[in-house]
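The values are calculated or read from the model by the stated rules, or taken from the named source; none is laboratory data. Small disclaimer: the values here were computed from a predicted structure and weren't measured. When we count neighbours, we look across all protein chains shown, and the Cβ atoms used for this are built from the backbone with ideal geometry, even at glycine. The accessibility values were calculated without ligands, DNA or RNA, using every heavy atom of the protein model including side chains. Shrake-Rupley method; radii C 1.70, N 1.55, O 1.52, S 1.80 Å.
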Amino acid sequence: MLEGLLYYFYLLLPFSFALNPVASIDLPIARVVVVLLSVSWLVRTLLQRQIEIRALGVLALFLFWLLWSALSPLWALDPTWSMRKVVFLLNIGLLFPILLTLSQEKLAKLAQAFVYGAILIALVACIEAGLQFFLSLDEILTLWNTQVLPFFLGNNFALVVKEYPSLLVNVLGTTYLRVTAFFPDPHTLSLYLGLALPLVYVWQHTVRTFVAKFSFVLVGVAILLTFSRGAYTAILLTSIILLSILLAKDYRQYGKYFLVGMLLLGGVFFATPVGPRILSSVSAEDGSRTERLRLLEEAVHYSFTRPFLGVGVGNYPLLVKPDASMREPIYVHNLYLDIAVETGFIGLLLFLSFIGSALWLGFRRWRDSQDPLMLACGISTIYFLFHGFFEAPLFSFHVMFALFLLVAYQAVPRTKTV
């Protein structure tokens, strides 16, 4: 029963809506479901009087990182700000130990649900982009800000998104809509779909139907429509690593994929607005680039002021703007500097050890088993790490729940058959 609930949890994760139990609180239904799943798992464990964690080393690193983050209110600039983020991390962290009790076969089924959910939300994103041909941009923004996002994000979060919009982008003098589907911003959507893309490829390669192949293209197009330069860069760098791995394995077999990949990337770069969007990253006239560089330089400086402990989870906004409001979206736009500033280099080392240990285990197991899903999970994790140089998805439950599944599949050993 628990596995069945987890299947639908991952299938419907991108469609999670928010509850407003009181006027000032947005409570995503996915976070409520995780608590219920944890209670169900605990009851079943107590009744069976046994528990089997299949990757103790990875779990230990995860718990060390989680505990270190949870302790940060003790030395935070403002413990109240820290506790809000700590509750979030503890809430989403309930899911990971449950995933580690499942076999690879059951995790593979959850990965299939994750794939189906990603395809559905990619379809929503492409429909959203298609609205530009029927409605004005102002009408689409009004629809999304007043009808769609308040339901899926909650009333308060939707107001923040409306106040700090990221739905439009100007490329070579033309304004385009950046798709977000039901996510708060294009970057979060591109992260979620980027984590799913390698798994979607494995699925379509296995099924070999037109619908499956079309679905792979659909997810790829949806990522492009986010106009996220972080996603574009992460896809490029991840593709280089993937092709290097495959070419080292069998040059003759995978050489054609290298040529096709280069032609495809070249076509996307020169024939679509993607190329100019990427090139704007190195333009001195791009205001977003200039502001991000300022944030990075500022974060590097602050990370060395309290290098071991940091300023406390969720306290970075107070460091740079003492009168900031709690919902003001101030962050570094870099996963690693965000963690280093708020939990010190100790917190960063623990987080990277957690992710890196699973990635290493997964790569070794792929080398032995040649399991394509294992390789796909590893490539998705690498995509997350590259995208992390441009965004800080640590407090996106969509992204983190997906990442936990990918990490669990790599960490859990294959069940031995007699």
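What to note about this one:
- THR209 - accessible surface, heavy atoms, 1.4 Å probe, Å² rounded to 10: 60
- Inter-centroid distance (Cα atoms) of the range 55-74 relative to the range 219-243, Å: 30
- Note on the chain: helix-only mean residue ellipticity at 222 nm, from DSSP H runs of 4+ residues weighted -39500 (n - 2.57) and normalised by residue number, equals -22500 deg cm²/dmol.
- Dipole magnitude of the range 325-418 about its Cα centre (Cβ charges: Lys, Arg +1; Asp, Glu -1), debye to nearest 20: 480
- In the elastic network of the chain, a GNM with C-alpha springs shorter than 10 Å, the most mobile of THR305, THR45, THR238 is THR45.
- Each 5 Å bin, from zero up to the one with the longest distance, holds this percent of the alpha carbon pairs of the range 295-418: 2, 11, 18, 20, 16, 12, 9, 6, 4, 2, 1, 0, 0.
- Three-way shape call for the chain based on the alpha-carbon gyration tensor, with the a/c threshold at 1.5: rounded
- The range 296-344 - Rg and Dmax from Cα coordinates, angstrom: 9.7, 26
- Here the chain is scanned for trypsin sites (Lys or Arg not before Pro) in DSSP loops (not H, G, I, E, B) that have at most 16 other Cβ atoms within 10 Å, and the longest stretch holding none of them is 50-207.
- Top of SER353, SER136, SER380 by mean-square fluctuation, Gaussian network on the chain, Cα under 10 Å: SER136
- Working from Cα pairs under 8 Å separated by at least six residues, relative contact order for the chain is 24 percent.
- Dipole magnitude for the range 1-124: computed about the Cα centre from +1 point charges on Lys and Arg Cβ and -1 point charges on Asp and Glu Cβ, it is near 160 debye.
- Whole-Å distance, taken between Cα centres, linking the range 81-101 and the range 131-210: 26
- Axial C-alpha extent at least 18 Å, average Kyte-Doolittle at least -1.0 - helices from the chain (DSSP): 29-48, 56-71, 79-93, 104-130, 186-207, 210-225, 229-249, 251-271, 287-303, 335-369, 372-387, 397-411
- Treating each Cα of the range 1-117 as an identical point scatterer and summing with the Debye formula, the log10 of I(q)/I(0) at q = 0.11, 0.13, 0.15, 0.21 Å⁻¹ comes to -0.45, -0.63, -0.82, -1.29.
- A 1.4 Å probe run over the protein chains yields, for the range 49-110, 47 Å² of accessible area per residue, whole-number rounding.
- Rounded to the nearest 20 debye, the dipole magnitude of the chain is 1360 debye, with +1 charges on Lys and Arg beta carbons, -1 on Asp and Glu beta carbons, and the Cα centre as origin.
- Relative protection proxy for 12-22, 197-207, from highest mean packing down: 197-207, 12-22 (other beta-carbon atoms within 10 angstrom).
- Solvent-accessible area, 1.4 Å probe, carbon plus sulfur percent, for the range 325-418: 68
- Per residue solvent-accessible surface (Å²) - the range 305-404, probe of 1.4 Å: 35
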